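Let me begin by presenting the structure, written as structure tokens, before commenting on it.
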Amino acid sequence: MRKSKRENVSLTNEFNHPYMRLLMNPDVRALAPKKLLIGIPMTGTLRSEWAMSRWNQIIPCNWGHSDCTPMMPSDSPLGYAVPEARNIVVDRFIKEGFEWLFFLDHDVILPPTGFVKIGELIRQYGKKYPVMCGLYFAKCDPPEPLIYRGRGNGHFTGWRLGDHVMVDGIPMGCTLIHRSIMKVMWDDAPEYEVKGIGTIKRVFDNPAGIFFDPETGAPHGFSGTEDLAWCNRVITGKYLEKSGWKSLAKERYPFLCDTGFFCFHITNDGQRYPLYVPVRHRPKGKPRGPK
């Protein structure tokens, strides 16, 4: 049986036709601005549950995004720790002109409607809040949600699933950040060398150190995580005000958490947290707006 000429035409040749090349015209590509970059810091080990949740997302209509997945080799944690991975993502985010950055950690399992939730947050609150996040819990029992009001006083408890709540401390594993605030912080951050990458800005880091009390001479140590350290810098460095969010800068709790954007936190052996949602956080009545 003879093959038709149509069967012998490759897809590449079809796009050599002037009509088909219209899709590759710069004017057409300009209709799809760089709206969202998804940054995924990872050690290189992924659970299948995470992979299925990430690549089986419901895709909203007229949606577009780019991925940035810096790999952190487990044999060189000092060179590619979590802050370095985030800084690599931020470097691309700033230099390539994206509007929103979404951090998704390799141990945070999105709901199937994760991308839909992201789109809803940007449409509903994108002009009011430059930092928004979903909800997940620490890998522990009893359950501890990773959202905070204040420091040293434990997690924030005044909410039920579905509420939109304002806080001053959030994790980075399911978080949206607007370019305006990240650009100002990136401009101020010091440069440093990352093995295999080159010179980037230290927007994120794990704070740790020792200092001596000048009055007593007693030593004091401190340490923390890169997410709360970033939140502290936003507030104490007045980066909301510097990036144009002046009214929000006056608020005590400037970050929005959508507790209905509920994610699981998974360990390498497949245990998902929380094991259960505490009664005080279970839905009751109509979800409340930001407060």
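Tabulated data
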{"read-out": "Diffusion coefficient, µm² s⁻¹, Stokes-Einstein with Kirkwood Rh over alpha-carbon pairs of the chain at 25 °C and 0.890 mPa s", "value": "116"}
{"read-out": "Under 5 Å, built H, 5+ apart or other chain: amide partners of Asp67", "value": "Ile38"}
{"read-out": "Average accessible surface area per residue within the chain, 1.4 Å rolling probe, Å²", "value": "56"}
{"read-out": "Computed Rg/Rh of segment 213-274, alpha carbon atoms with Kirkwood Rh", "value": "1.16"}
{"read-out": "Segment 219-268-segment 130-163 distance, computed between alpha-carbon centres (Å)", "value": "12"}
{"read-out": "Cβ-Cβ FRET estimate between Val277 and Asn206, R0 fixed at 30 Å, reported to 0.05", "value": "0.50"}
{"read-out": "Accessible-area ranking of Glu251, Glu84, largest first, probe 1.4 Å", "value": "Glu251, Glu84"}
{"read-out": "Segment 94-153: GluC sites (Glu not before Pro) falling in loop per DSSP and having at most 14 other Cβ within 10 Å", "value": "Glu96"}
{"read-out": "Segment 138-291, accessible surface, carbon-and-sulfur percent (1.4 angstrom probe)", "value": "52"}
{"read-out": "Sites matching chymotrypsin sites (Phe, Trp or Tyr not before Pro) across segment 241-291 that sit in DSSP coil, with at most 12 neighbouring C-beta atoms within 10 Å", "value": "Tyr276"}
{"read-out": "Exposure of Thr157 as accessible area (Å², to 10), given a probe of 1.4 Å and all protein chains", "value": "60"}
{"read-out": "FRET E, pair Cys140, Thr113, Förster distance 22 Å, beta-carbon r, rounded to 0.05", "value": "0.25"}
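The values are calculated or read from the model by the stated rules, or taken from the named source; none is laboratory data. Quick caveat: nothing in here was measured; it's all calculated off a predicted structure. Ideal geometry is used to build each Cβ from the backbone, glycine not excepted, and the neighbour counts take in all protein chains shown. The protein model used for the area step is the full one, side chains on, heavy atoms only, and it has no ligands, DNA or RNA in it. Shrake-Rupley method; radii C 1.70, N 1.55, O 1.52, S 1.80 Å.
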